[in-house]
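Dropping the structure in here first, questions after.
The values are calculated or read from the model by the stated rules, or taken from the named source; none is laboratory data. Owing to the predicted nature of the structure, the values given are computational and were not obtained by experimental measurement. Here the Cβ is made from the backbone with ideal geometry for all residues, glycine too, and neighbour counts use every protein chain on show. All accessible areas refer to the heavy atoms of the entire protein, side chains included, with ligands and DNA or RNA removed. Shrake-Rupley method; radii C 1.70, N 1.55, O 1.52, S 1.80 Å.
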Amino acid sequence: NCRITLALPEPHLMIPLNPPPFEPHAMLPMGSSVMVKTDGVPMSVFEPVLTAAGEGWVHATLHEVREQLPRSVRELVEVRISGRQAGRLTPAMSKKFLPVIRTLADQGRLCATPAIVRGNRLNVEVRVFGAQAADLPQDWLLEHANHALVSAPPPAMTEPPADRMEQTTPKAAAAARV
């Protein structure tokens, strides 16, 4: 006898509501839920992904933006759905995603992440579920951001260079072997 149990999400959460980005991209692995600030974003951005079920998952992309403040510049992460701005992460949360966004941008790729859009025409909530830079698994880094990994330092020399070996006396060589 054999028994197989599948734990599937609700039917409306099985297929994304939008296509993945057309540009070269890397999809972050699933991570913890992060709230997106959607203040001031027009409802027209969310209408294509609002469903009768009240929620659905989408492909979102993360982009580095610089916000000019009176005395400084603040680096934030902008979340886009189907290429349109859907909100921003807080400054503290942005810092946790910026290293991977920059690494992928250096390679000419976008940083994509799974996101859930929940709500209706009156109120919308967006949460991204991509792993933060510090939580990315080693195998994901090797596949998508391998140049960002620090290469191993050269192995320590176990023997002196050949030109020094010739100058070593037999007595010193014997002492070195012990």
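Looking at this structure, is Pro16 under 18 Å from Arg118 (Cβ atoms), free of Cβ contacts under 8 Å to residues at least 40 places away in the same chain and open to solvent by less than 80 Å² (accessible area, probe 1.4 Å)?
Working: under 18 Å from Arg118 (Cβ atoms): yes; free of Cβ contacts under 8 Å to residues at least 40 places away in the same chain: no; open to solvent by less than 80 Å² (accessible area, probe 1.4 Å): yes.
Here the answer is no, as Pro16 does not meet what is asked.
If you scan the stretch 53-75, which residues turn out to be out of contact with any helix residue (DSSP H, G or I) (no Cβ under 8 Å at 6 or more places or on another chain), assigned to a loop (DSSP other than H, G, I, E, B) and in contact (Cβ under 8 Å) with a residue 40 or more places away in the chain? Even if it seems obvious, please write down each step before you answer.
Pass one, the stretch 53-75, residues out of contact with any helix residue (DSSP H, G or I) (no Cβ under 8 Å at 6 or more places or on another chain): 54, 59-61, 65-73.
Pick out the ones that are also assigned to a loop (DSSP other than H, G, I, E, B) and you get 54, 69-72.
Hit for the stretch 53-75 is Gly54, nothing else.
Take the residues in the stretch 19-41 that are assigned to a loop (DSSP other than H, G, I, E, B) and within 13 Å of Glu125 (Cα to Cα); name whichever of them is most open to solvent (accessible area, probe 1.4 Å).
As a first pass, look at the stretch 19-41 and keep what is assigned to a loop (DSSP other than H, G, I, E, B): 19-24, 28-29, 38-41.
Next, from what is left, pick out any that are within 13 Å of Glu125 (Cα to Cα): 38-41.
On the way: Thr38: 29, Asp39: 130, Gly40: 84, Val41: 27 Å².
Filtering first and then ranking leaves Asp39.
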